[in-house]
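The structure under discussion appears below in the form of structure tokens.
Laboratory data are not the source of any read-out in this text; all were calculated from the coordinates shown. Model, not experiment: these values are computed from the prediction. Note that we place each Cβ from the backbone using ideal geometry, even for glycine, and neighbour counts take in every protein chain shown.
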Amino acid sequence: MAHLRDRAAFSRALARQAVWPDRLVPPVAWAVTAAEVSLGAAGFAALAAEVFAPGQPWAAAIARPVTGAAAVMYACFTFYSFYLVRRRPDVPCGCSMTDDPVGWPVVGRAAVLAVACGAAALAPQGIGAVGIAPAGIASAAGLLVCVPVVAFIVLAWSLPAALRQPE
């Protein structure tokens, strides 16, 4: 959502990365933001389908392509941030709209999210099977999986900044 709130800052971060020609920076920033927002909205719809119609084949039919597309997006983020770490480690990653430089925690976070989304897309029973949807919370085992996953995502999001600005 940070990219949607401040598109100019995201464009500046992309420009500082110097990967894209100047004329392509605004369309790339728009495309990335549109993909993130679209997948976020589709993910919310898929989660709602799993909550309000658990076990229905059409609910899984919504969730699989969404989590598959999210896996592809996070894989792209993984490779892009890996490239930045190797070639331009002093540029901002653009993730949280701060000037914090890209680093290995950013690459790791994107990779873990790519794998998690890929696993959810390929799971035989949809996203509820891997404890991501509330349908997976129905059992104690689902809760034991879901809580650490959510905690990891929250910690992984704040880890890159915490490594540079310990308090």
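In a fully extended conformation the segment linking R87 and W104 would gain 4.9 nm over its present Cα-Cα distance, using 0.36 nm per residue.
Available extension along the chain between F79 and A41 is 11.3 nm, counting 0.36 nm per residue and deducting the alpha carbon span.
For A121, neighbours were defined as the other residues whose beta-carbon sits under 15 Å from its Cβ, and their charges (Lys and Arg +1, Asp and Glu -1) total 0. Per-residue 3J(HN,Hα) values for the range 66-80, derived from phi via the Karplus relation 6.51 cos²θ - 1.76 cosθ + 1.60 with θ = phi - 60°, read 5, 5, x, 5, 5, 4, 5, 4, 5, 5, 4, 4, 4, 5, 5 Hz in sequence order (x marks Gly and Pro). Averaging the sequence gap over all C-alpha pairs within less than 8 Å and six or more residues apart, then dividing by the number of residues, gives the range 61-114 a relative contact order of 41 percent.
For the ranges 105-118, 68-81, what's the packing order if you count other beta-carbon atoms within 10 Å of each residue, average per peptide, and put the highest first?
My ranking of the peptides, most packed first, is 105-118, 68-81.
Go ahead and run the numbers for FRET between D22 and A119, Cβ-Cβ distance against an R0 of 35 Å, rounding to 0.05. So the FRET efficiency works out to roughly 0.35.
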